[in-house]
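Bear in mind these aren't lab numbers, they're just calculated from the coordinates by the rules spelled out. No experiment lies behind these values; they were computed from the predicted model shown. Here Cβ is always computed from backbone atoms with ideal geometry, including for glycine, and neighbour counts include all displayed protein chains.
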Amino acid sequence: PLNNPYIDQLVTRRRARAGMRLFAKSEHLTESRDFLLKGRALGILCDQRVGRHGHRVPFFGRVASFTPMAFILSKRTGSPVLSGSVSSLGGGRWKLTFDPAFEEEPAANVADMAHRFESIIRRAPEDYFWLQEQWVCRKRLPFKVAGKGECLQAAQSEPVEIVLREVAVVGD
């Protein structure tokens, strides 16, 4: 649930009208598994902070924690793992795009998902709305990065450059 109970109620009600079901972080994984086994689609927001429960992977040249839940559920249900993104078309219209499913062999992993997510953001950074600090990892340096045979530092020496196609400034 969202921290604000009034906003949470509004979002839950609107999504329910559209035929969606929301799963709380606190719900047991079997709820999500059973949902998938009924042939339904499940969306997981992979950029939500998962802290020590996530896998540490490279993301924009730094170590970030991403959830392995999509791949865990895929192994338990046989469901494919896809990545999707929403891009603005202007005038209050958006387009939902799905990339091809992650390949099973060699086994796709959380590092592959983070890399794909980074590519999606680079394609249209103006469509990305980020409210959380993704790079909060509370371990000693350097990190051993899941899915990759390398070590990264928690912060890089040079900033990552993201070039925006359009910038709009509202207000003063």
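Worth a mention:
- Packing rank of 62-72, 7-17, where each peptide gets the mean count of other beta carbons within 10 Å, highest leading: 62-72, 7-17
- Cβ crowding within 10 Å averaged over residues, with 19-26, 36-43 ranked highest first: 36-43, 19-26
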